[in-house]
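Please read the structure below before turning to the comments.
Coordinate-derived values only; no laboratory data. These numbers come from a predicted model, not from an experiment. Cβ: placed from backbone, ideal geometry, glycine included. Neighbour counts: every protein chain shown.
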Amino acid sequence: MCAVLWNASEGNIVVEWPTPRRIATLSVHTSPLEQPGTGDAGGMNVYIVEVSKRLARLGVEVEIFTRATRSELPAVVEMAPGVTVRHVTAGPFEGLAKEDLPSQLCAFANGVLRAEAAHPPGRYDLIHSHYWLSGQVGWLARERWGVPHVHTAHTLAKVKNRLIAAGDRPEPKARVIGEEQVVAESDRLVANTRFEAQDLVAYYDAAPAHTAVVQPGVDLDRFRPGPCSRARLGLPPSGRIVAFVGRIQPLKAPDVLISALPFLKDGDTTLVICGGPSGSGLDRPSALIELAASLGVTDRVLFLPPQTGDDLADLYRCADVVAVPSYNESFGLVALEAQACGTPVVAAAVGGLITAVRDRVSGLLVDGHDPRDWAHALDSLLAAPRLRASLSEGAVAHAAGFSWDRTAEGLLDVYREAVVQHRAMIAARLEAYAW
């Protein structure tokens, strides 16, 4: 199960835990190759990309299975050295909503099992599934391959339904049941924060001993303080800027920020909404445009498409404040990226945002979603340059405590523990059969 060595120079015993050679990462409903900020692509996509690249640098080969959404997609794509993406045909390429994907899990699982069957037995040492749809497939593959299954939920239906936004649809019972099954059948559960771990135990009866907290990170090489060019991004040349970055859906609550604009004391503040449509209810950009028009703030709202790489970092730097008013976030990568760029964040005091933002040190946390409360919180920063400067320093220092390298190393520890436990379970079964 593990090697026990004597370290002569140190005079102590060193235990070497087995490191997986190759893992199968499952991401059914969204591909890591898609642009975050629109459709179903968001923080989970960033998480899988960044973690996979760093696991590969640590010597672990990663194969990511995701559903093909276009017929022209190649079967296999090398995303980075040691990281490949496998496109699995399951259902129609286009026009299939995430809510319809459970009907295609059987087809997806078949594609995953066939890919493994094309190689000699023992190709994968471990499965890591992301989101409950992938967890269902991981549960099946675990039984077929005889390897441990690690699962990260990213969001939980029971928690989302408790904190649901007005106009949004509750998560269906089928998802709740599916999540309960995945939690019960996983060898290890990875939570983004201790609060998420507590939710898994409280609402899903997860075993505390099998639930680990591994915090997401931030690319500190890309997201860092520096100058920005408003003109290059098409931003107003003057006035304060409050930026919202994320998918346009009720969960993310961009409408709260538009509704807060009439209550801001600084009438020269522009709200920049950067993202694409997703989800239900208020997912049409036109709905937000209509809301702004009804409140008389059309000229103070600027819509930008999702930004990538350095352009996204530049937007964070150009903003005086980044606002994250979500009704729930398992972590909140946008908040962490903005802080790494030196921009204070005003965020809702929910879920992982309580960890991602250090209240009154790197930003402010707001209870509830009353537009007047949000206007008050934003005003307190926009009208106080010294406070913004102080929070900016705190934001950079706070974000420095998170990195994707640290996340990958934490996951590797979880993987090793899962492998050891799994091998011990197999050994115990063999011993029982021998009797």
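Taking amide H as placed 1.01 Å from N in the peptide plane, the amide H of Leu364 sits under 5 Å from that of Val345, Val346, Ala347, each at least 5 places away or on another chain. Binning the alpha carbon pair distances of the range 17-91 at 5 angstrom intervals from zero yields the distribution 3, 17, 27, 24, 17, 7, 3, 1, 0, expressed in whole percent. Note that the range 251-259 has calculated 3J(HN,Hα) couplings of 4, 7, 6, x, 5, 4, 6, 5, 5 Hz, one per residue in order, obtained from phi through the Karplus relation 6.51 cos²θ - 1.76 cosθ + 1.60 (θ = phi - 60°); glycine and proline are x.
The chain has equivalent-ellipsoid semi-axes of 40, 24, 20 Å, by the square roots of 5 times the alpha carbon gyration tensor eigenvalues, sorted largest first. Using the Stokes-Einstein relation with a Kirkwood hydrodynamic radius computed over Cα pairs, the translational diffusion coefficient of the range 344-420 at 4 °C and a viscosity of 1.567 mPa s comes to 91 µm²/s. Length available on full extension from Asp299 to Ala428: 0.36 nm per residue minus the Cα-Cα distance, which gives 39.6 nm.
The slack in the chain from Glu78 to Ser380, taken as 0.36 nm per residue of separation less the alpha-carbon distance, amounts to 104.0 nm.
Here the translational diffusion coefficient of the range 241-330 follows from Stokes-Einstein with Rh set to the Kirkwood radius across Cα pairs; for 10 °C and 1.306 mPa s it amounts to 120 µm²/s. Taking the range 70-97 and a reference point 7 angstrom along Cα→Cβ of Asn110, the backbone N atoms nearer than 16 Å belong to 88-93.
For the range 234-244, what does the Karplus curve 6.51 cos²θ - 1.76 cosθ + 1.60, with θ = phi - 60°, yield as ³J(HN,Hα) per residue in whole Hz, taken in order and with x for Gly and Pro? Rounded to whole hertz, the list is x, 8, x, x, 9, x, 6, 10, 10, 10, 10. Principal axis extents of the C-alpha atoms in the range 76-156 (largest first, rounded to whole Å): 35, 27, 24. Compared with the dominant Cα axis of the chain, that is its longest principal axis, helix 194-204 is turned about 70°.
Here the range 129-245 is described by how far its Cα atoms reach on the three principal axes: 58, 37, 25 Å, from widest to narrowest. For the range 157-305, what log10 I(q)/I(0) values come out of the Debye formula at q = 0.21 1/Å, with one point per alpha carbon and no solvent? Values returned for q = 0.21 Å⁻¹ are -1.23. Residues whose amide H lies under 5 Å from that of Thr25, counting only those 5 or more places away or on a different chain, are Glu63, Ile64, Phe65, His128; hydrogens are built 1.01 Å from N in the peptide plane. Normalised radius of gyration (Cα atoms, divided by 2.2 N^0.38 Å) for the range 140-179: 1.59. Taken one residue at a time, the phi angles of the range 84-94 give Karplus couplings (6.51, -1.76, 1.60, θ = phi - 60°) of 10, 10, 9, 8, 9, 6, 8, x, x, 5, 10 Hz. Gly and Pro are set to x.
For Asp370, the shell of other residues with beta-carbons less than 15 Å away shows a net charge of -3, using +1 for Lys and Arg and -1 for Asp and Glu.
Site pair Asp359 and Arg21 shows an inter-label distance of 5.0 nm when each label is modelled 7 Å from Cα along Cα→Cβ. Annotation: Cα Rg of the range 65-204 relative to the compact-globule expectation 2.2 N^0.38 Å equals 1.12.
Treating each Cα of the range 287-435 as one equal point scatterer and applying the Debye formula with no solvent, the log10 of I(q)/I(0) at q = 0.09, 0.14, 0.17 Å⁻¹ comes out as -0.42, -0.76, -1.02. If R0 is 45 Å, the Cβ-Cβ spacing of Ala118 and Lys158 corresponds to a FRET efficiency of close to 0.70.
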